[in-house]
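See structure below.
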Amino acid sequence: VDAPALSIVPHTDTYTYEHMISDIAALESTYPNVISVGSIGSSEDGRDLPVILLGDENAEHQVLIQGTVHAMEHICSWLLMSMKEYYAACGGIEDVCFHIIPMMNPDGVLISQRGVLNELQQSIYQTDIQWGYANYSDELYATKWKANGHGVDINRSFDAGWEQTRSPHLPSSKLYKGTKPFDCAEAAALRDYTLAHNFDVTVSYHATGCV
């Protein structure tokens, strides 16, 4: 069987939050029998965190897939949206429901893609300069941003091994774990959604070195 052509999700190097929201609506409209859309909550700056269900919500197997926990790895959002369109066009997979969260960190993605810091993030930048965590321009610093909009690394906010995880002492563009586990809205939302479902497996997509 020939692979279906992707016609909704655009191929782009900078897949934005706005792209994602528009494409989610288009895919839900195009494949209403395969796709349904919900939300796991909101980011620290109030952006919705959509979850897309691909397949029967009552399927025997439930799989959670999420991506772009780290802001500069936003290619993962494009990848997950492309995968969603591909499998929706194929009719899904029998007995499996995929819960797909394409962009866990929309606030951070905005920083990384635009290369612009607001007043709070400028303060974080100055602190990182002071502590030796950065030694380059604020624009380059912004494009390398991994944390959420408030300087918490979502990937280090989970409770597994939190006490042993090394971290800067203050908010930073990366690696700061917060003052306690789940110390950011995004991590707490993912925790709550995961605990509310009996997932067979969860998958987290990351990227490094353009891979």
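Run through the DSSP bridge list for the chain and note the antiparallel percent, rounded to the nearest 5. Each step should come with its number before you reach the end.
Details: 9 of 20 bridges.
Of those bridges, close to 45 percent are antiparallel.
Pulled fully out, how much extra length does the chain show between Ala196 and Ser36, if you take 0.36 nm times their separation in residues and subtract their Cα-Cα distance?
55.9 nm
Pick out, in residue order, every one of the GluC sites (Glu not before Pro) in segment 39-81 that is DSSP loop and has at most 14 other C-beta atoms within 10 Å; say none if there are none. Walk me through the numbers before you get to the answer.
On the way: sites: Glu44, Glu57, Glu60, Glu73; in loops: Glu44, Glu57, Glu60.
Those satisfying the criteria are Glu57, Glu60.
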Task: chymotrypsin sites (Phe, Trp or Tyr not before Pro) restricted to DSSP loop in segment 103-211 with at most 11 other C-beta within 10 Å - done: Tyr136
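Counting pairs on different chains as well as pairs 8 or more places apart, how many Lys pairs in the chain have Cα atoms under 22 Å apart?
Details: Lys144/Lys174; Lys144/Lys177; Lys146/Lys174; Lys146/Lys177; Lys146/Lys180.
Taking the chain as the scope, the lysine pair count is 5.
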- [ ] Taking trypsin sites (Lys or Arg not before Pro) as candidate sites, keep only those in a DSSP loop with at most 16 other Cβ atoms within 10 Å, then name the longest stretch of the chain containing none of them.
- [x] 1-143
- [ ] Express the carbon and sulfur contribution to the solvent-accessible surface of the chain as a percent, rounded to the nearest whole number, probe 1.4 angstrom.
- [x] 50
Task: Centre separation in Å (Cα based) which lies between segment 162-211 and segment 46-112 - done: 16
TODO: Considering Cα pairs under 8 angstrom that are at least six residues apart, work out the relative contact order of segment 70-171 and quote it in whole percent.
DONE: 35
Task: Cβ-derived FRET efficiency at R0 25 Å, Ala160 paired with Asp56, nearest 0.05 - done: 0.25
TODO: Would you mind working out the accessible area per residue for segment 12-168, using a 1.4 Å probe, and quoting it in Å²?
DONE: 46
Task: Listed values (i) 69, 15, 12; (ii) 32, 20, 13; (iii) 22, 21, 18, entry calculated as semi-axes √(5λ) of the Cα gyration tensor in Å - done: (ii)
Task: Positive minus negative residues near Ile35 (Lys, Arg vs Asp, Glu; Cβ under 9 Å) - done: 0
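Taking 8 Å as the Cα distance limit and 6 or more residues as the minimum spacing, I'd like the relative contact order of the chain as a percentage.
Working: 413 pairs, mean separation 49.2, N = 211.
Worked out over the chain, it gives 23 percent.
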TODO: Grab the Cα-Cα distance for Ala5 and Asp138, subtract it from 0.36 nm times how many residues apart they are, and report the gain in nm with one decimal.
DONE: 43.9 nm
TODO: Please state the charge dipole magnitude for the chain, taken about the Cα centre, from unit charges on C-beta atoms (+1 on K and R, -1 on D and E), reported in debye and rounded to the nearest 20.
DONE: 720
Open item on the list: For the chain, what does the helix formula give at 222 nm: sum of -39500 (n - 2.57) over DSSP H segments with n ≥ 4, over the residue count, nearest 500 deg cm²/dmol?
Closed with: -10000 deg cm²/dmol
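The values are calculated or read from the model by the stated rules, or taken from the named source; none is laboratory data. Just so it is clear, the structure is predicted and the values come from calculations on it, not from any experiment. Don't worry about glycine lacking a Cβ; one is built from the backbone with ideal geometry, like all the others, and counts go over all protein chains shown. With ligands, DNA and RNA removed, areas are computed over all heavy atoms of the protein, side chains included. Shrake-Rupley method; radii C 1.70, N 1.55, O 1.52, S 1.80 Å.
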